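The values are calculated or read from the model by the stated rules, or taken from the named source; none is laboratory data. Since we're looking at a predicted model, the values are computed, not measured. Here the Cβ positions follow ideal geometry from the backbone for every residue, glycine too, while neighbour counts run over all protein chains shown.
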Amino acid sequence: MTGDRAKGTYTLLIGLDEDTEIEVGALGVREFPAGWYAYTGSALGSGGFARVDRHRRVARGDYDTCFWHIDYLLRRSATTLESAVRSAGVDAECEVARSLPGRSIPGFGASDCDCDAHLTYTAGRAELASAIERAHSKGRDVG
């Protein structure tokens with residue numbers, strides 16, 4: 001499969017311009033310091049990587065409904081979805097999430113696995129962006 005119907009694992013690189021407190025559904029209120037975040041998700045369902053396009057639309061303000069934890073962060077005006085790195089045909093969501101540097105946001109994006117979180121935070125962009133690239137070095141599609 002090619003394009004958005006392809007399936008696999010993806011990681012979003014997200015910038016947050018200001019410290020903010022967000023109520024994240026059942027996770028409750030969480031503090032998010034300004035800086036850079038990496039969110040790793042699975043696009044193995046029938047829609048495949050169309051999920052990444054939906055994340056982009058949420059970040060643009062096209063959707064108000066939050067289905068996933070990441071929606072609560074992406075819909076903030078201080079948030080920028082800088083890039084999405086995709087590994088087509090790869091089921092490595094947990095492996096990629098665990099390999100990324102930074103402080104994890106407990107429970108975020110990991111309600112259906114044993115991971116601590118699928119969202120990590122660092123103050124600086126460069127190290128996180130490089131780590132995302134390395135984690136997706138096989139089957140990568142940057143978009």
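The residues on offer are GLY109, GLY47, and the sole one that is part of a loop (DSSP other than H, G, I, E, B), closer than 17 Å to LYS7 by Cβ, in contact (Cβ under 8 Å) with a residue 24 or more places away in the chain and not charged (D, E, K, R) is GLY47. Could you tell me whether region 102-110 includes any residue that is of a type outside the set (S, T, N, Q) and more than 23 Å from GLU21 (Cβ to Cβ)? Within region 102-110, not a single residue is of a type outside the set (S, T, N, Q) and more than 23 Å from GLU21 (Cβ to Cβ). Screening the candidates GLY35, GLY25 for the property of being surrounded by fewer than 20 Cβ atoms within 10 Å (Cβ to Cβ) and either under 12 Å from the mean Cα position of the chain (by Cα) or closer than 17 Å to TYR121 by Cβ (or both) yields one hit, GLY35.
Could you look through region 124-136, keep only residues that are among the small types (Gly, Ala, Ser) and surrounded by 19 or more Cβ atoms within 10 Å (Cβ to Cβ), and pick out the one that is nearest to ARG86 (Cα to Cα)?
Among residues in region 124-136 that are among the small types (Gly, Ala, Ser) and surrounded by 19 or more Cβ atoms within 10 Å (Cβ to Cβ), the one nearest to ARG86 (Cα to Cα) is ALA135.
Does ASP71 satisfy being modelled with pLDDT under 95, out of contact with any Phe, Trp or Tyr (no Cβ under 6 Å at 6 or more places or on another chain), surrounded by fewer than 19 Cβ atoms within 10 Å (Cβ to Cβ) and farther than 26 Å from SER130 by Cβ?
Taking the combined requirement at face value, the residue does not satisfy it.
For region 96-106, filtered to residues that are at negative phi and in contact (Cβ under 8 Å) with a residue 40 or more places away in the chain, the residue that is surrounded by the most Cβ atoms within 10 Å (Cβ to Cβ) is ALA97. Which one of these is more than 16 Å from ALA129 (Cβ to Cβ) and surrounded by fewer than 16 Cβ atoms within 10 Å (Cβ to Cβ): ALA78, ALA88? Sole residue among the options that is more than 16 Å from ALA129 (Cβ to Cβ) and surrounded by fewer than 16 Cβ atoms within 10 Å (Cβ to Cβ): ALA78.
Being small (Gly, Ala, Ser) and either in contact with a Ser or Thr (Cβ under 9 Å, 6 or more places away or on another chain) or closer than 18 Å to GLY109 by Cα (or both) is the filter; apply it to region 1-22 and report the residue that is surrounded by the fewest Cβ atoms within 10 Å (Cβ to Cβ).
Here the answer is GLY15.
Right, GLU133: closer than 21 Å to GLY8 by Cα, touching a residue at least 40 places away in the same chain (Cβ under 8 Å) and in contact with a Cys (Cβ under 9 Å, 6 or more places away or on another chain) or not? The answer is no for GLU133. Looking at the structure I just gave you, is GLY41 surrounded by fewer than 18 Cβ atoms within 10 Å (Cβ to Cβ), at pLDDT 95 or above, in a strand (DSSP E or B) and not aromatic (Phe, Trp, Tyr)? Taking the combined requirement at face value, the residue does not satisfy it. Tell me, which residue of region 114-123 that is surrounded by 13 or more Cβ atoms within 10 Å (Cβ to Cβ), in a loop (DSSP other than H, G, I, E, B) and not acidic (Asp, Glu) is farthest from the chain's Cα centre (by Cα)? Selected residue: CYS115.
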